[in-house]
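Structure first, commentary second.
The values are calculated or read from the model by the stated rules, or taken from the named source; none is laboratory data. Note that the coordinates shown come from a computational prediction; the quantities given were computed from them, not determined experimentally. FYI the Cβ positions are ideal-geometry reconstructions off the backbone, even for glycines, and counts take in every protein chain you see.
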Amino acid sequence: MRGTGFQSIVVLTGAGISAESGVPTFRGPDGLWEGHRVEDVATPQAFRRDPALVQAFYDARRAALARVEPNAAHRALARLDAEWPGDLLIVTQNVDDLHERAGAVRMVHMHGELKRAFCLACGERQTAPDTLSDGPACTRCGAHGRLRPDIVWFGEMPYHMDRIEAALAACDLFVSIGTSGAVYPAAGFVQGARHYGAHTLEINLEPSEGTHVFHEARHGRAGDLVPLWVGALLDRDRFRLNQPET
Ligand code: APR
């Protein structure tokens with residue numbers, strides 16, 4: 001493609017992109033996630049030990065989605081999705097639904113979704129009812145009390161990895177937005193994309209753990225920086241597309 005010189009883009013997002021919508025990030029200053037240690041709520045062991053606590057925690061987070069809205073950064077990525085003529089994959093680590101509520105389509109949830117559940121009895125994935133604490137029945141096998149949040153917990157395999165690896169190998173621009181770079185495999189995507197020759201850009205409130213790996217870093221609020229980046233990318237592309245071939 002003429003234009004920016006970029007054809008294929010992968011965008012990785014993390015909790016920082018939803019922070020301005022009022023969704024708490026994971027690694028707050030006190031090391032707690034909404035008052036819980038992460039290992040008490042986000043591991044299969046925690047679920048086996050205290051399923052009621054884990055279900056209540058995720059029920060509360062699912063309910064909280066009704067009180068938040070997509071922000072300018074989600075809307076900018078949805079605009080990119082609608083207007084970018086080349087390949088695009090938005091990979092989110094977030095389990096909220098703010099990207100899709102903003103209108104993004106070319107996206108995957110690598111860590112699952114709050115609004116999905118899966119059945120431990122039959123393996124069926126399904127839309128989650130508002131609460132899982134009260135032991136609702138699976139829509140497929142009818143078993144009661146066997147639905148768990150369809151969230152990838154620590155020690156579990158992230159979703160869509162084949163599609164993500166293929167997109168990383170094919171992209172020429174990789175952009176990481178609002179993620180601390182603390183959790184693999186997502187934290188390693190920048191190295192993978194660079195290895196295959198992509199230009200790499202970090203947009204984050206502060207330098208992430210892997211900031212030195214990126215070609216370029218812009219530090220500030222996603223709600224300010226992402227619309228600027230998307231606007232410049234689309235305008236530059238449109239301008240260049242109007243130029244005669246040289
Ligand atoms: N704009 C941009 N970045 C921001 C903003 C903002 N308004 N607010 C916070 N950030 C940055 C923080 O500085 C931090 O570097 O977003 C990052 C959020 O980091 P984490 O809380 O560690 O979230 P994330 O990287 O998404 O976590 C990865 O860890 O617990 C697991 O599965 C969970 O998907 C999650 C994964």
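Name the residues in region 65-92 that are within 16 Å of the ligand (Cβ to nearest atom), aliphatic (A, V, I, L, M) and surrounded by fewer than 20 Cβ atoms within 10 Å (Cβ to Cβ), would you?
So the first thing to find is which residues in region 65-92 are within 16 Å of the ligand (Cβ to nearest atom), and the list is 65, 68-77, 90-92.
Subsequent filtering for residues that are aliphatic (A, V, I, L, M) retains 65, 68, 72-73, 76-77, 90-91.
Once the filter is applied, which keeps residues that are within 16 Å of the ligand (Cβ to nearest atom), aliphatic (A, V, I, L, M) and surrounded by fewer than 20 Cβ atoms within 10 Å (Cβ to Cβ), region 65-92 yields 65, 68, 72.
From the list 27, 37, 106, which residue is among the charged types (D, E, K, R), closer than 24 Å to residue 214 by Cα and at pLDDT below 95? Can you show your working first?
Details: 37 fails: closer than 24 Å to residue 214 by Cα; 106 fails: at pLDDT below 95.
Selected residue: 27, the only one of 27, 37, 106 that is among the charged types (D, E, K, R), closer than 24 Å to residue 214 by Cα and at pLDDT below 95.
Kindly establish whether residue 73 is more than 30 Å from residue 193 (Cβ to Cβ) and of a type in the set (A, V, I, L, M). It would help to see each step written out before you state the result.
Working: more than 30 Å from residue 193 (Cβ to Cβ): no; of a type in the set (A, V, I, L, M): yes.
Here the answer is no, as residue 73 does not meet what is asked.
Scan region 219-233 and tell me whether some residue there is within 18 Å of the chain's Cα centre (by Cα), assigned to a strand (DSSP E or B) and without any contact (Cβ under 8 Å) to a residue 40 or more places away in the chain.
No, every residue in region 219-233 fails to be within 18 Å of the chain's Cα centre (by Cα), assigned to a strand (DSSP E or B) and without any contact (Cβ under 8 Å) to a residue 40 or more places away in the chain.
If we scan region 74-82, do we find a residue that is among the hydrophobic types (A, V, I, L, M, F, W, C) and in contact with an Asp or Glu (Cβ under 6 Å, 6 or more places away or on another chain)? Don't jump to the end; show me each part of the working.
From region 74-82, those among the hydrophobic types (A, V, I, L, M, F, W, C) are 76-78, 80, 82; that's our starting set.
Keeping just the survivors that are in contact with an Asp or Glu (Cβ under 6 Å, 6 or more places away or on another chain) gives none.
No, region 74-82 has no match at all.
Between a residue in region 29-53 that is within 11 Å of the ligand (Cβ to nearest atom) and any residue that is modelled with pLDDT of 95 or more and in a strand (DSSP E or B), which pairs come within a Cβ distance under 8 Å, given they are 6 or more apart or on different chains?
These pairs meet every condition: 42/151.
State whether the residues of region 151-171 include one that is within 12 Å of the ligand (Cβ to nearest atom), touching a strand residue (DSSP E or B) at 6+ places or on another chain (Cβ under 6 Å), in contact (Cβ under 8 Å) with a residue 40 or more places away in the chain and in a loop (DSSP other than H, G, I, E, B). Show your work before the answer.
At the first step, the residues of region 151-171 found to be within 12 Å of the ligand (Cβ to nearest atom) are 151-156, 158-159.
Filter once more, keeping what is touching a strand residue (DSSP E or B) at 6+ places or on another chain (Cβ under 6 Å): 151-152.
Next, from what is left, pick out any that are in contact (Cβ under 8 Å) with a residue 40 or more places away in the chain: 151-152.
Filter once more, so that each one left must be in a loop (DSSP other than H, G, I, E, B): 152.
Yes, the conditions are met somewhere in region 151-171.
All but one of (1) free of Cβ contacts under 8 Å to residues at least 40 places away in the same chain; (2) under 17 Å from residue 16 (Cβ atoms); (3) more than 14 Å from the ligand (Cβ to nearest atom) hold for residue 212; which doesn't?
(2)
Looking at (1) of a type in the set (D, E, K, R); (2) closer than 27 Å to residue 39 by Cβ; (3) surrounded by fewer than 13 Cβ atoms within 10 Å (Cβ to Cβ), which is the only condition residue 156 fails?
Every condition holds for residue 156 apart from (3).
If you take the residues of region 130-150 that are surrounded by 15 or more Cβ atoms within 10 Å (Cβ to Cβ) and among the basic types (Lys, Arg), which of them is farthest from the ligand (Cβ to nearest atom)?
146
Would you check which residues across region 181-200 are surrounded by fewer than 20 Cβ atoms within 10 Å (Cβ to Cβ) and within 14 Å of the ligand (Cβ to nearest atom) and list them? Show your work before the answer.
Of all residues in region 181-200, those surrounded by fewer than 20 Cβ atoms within 10 Å (Cβ to Cβ) come to 182-185, 188, 191-192, 194-197, 199.
182, 183, 184, 185, 188 - these are the residues of region 181-200 that are surrounded by fewer than 20 Cβ atoms within 10 Å (Cβ to Cβ) and within 14 Å of the ligand (Cβ to nearest atom).
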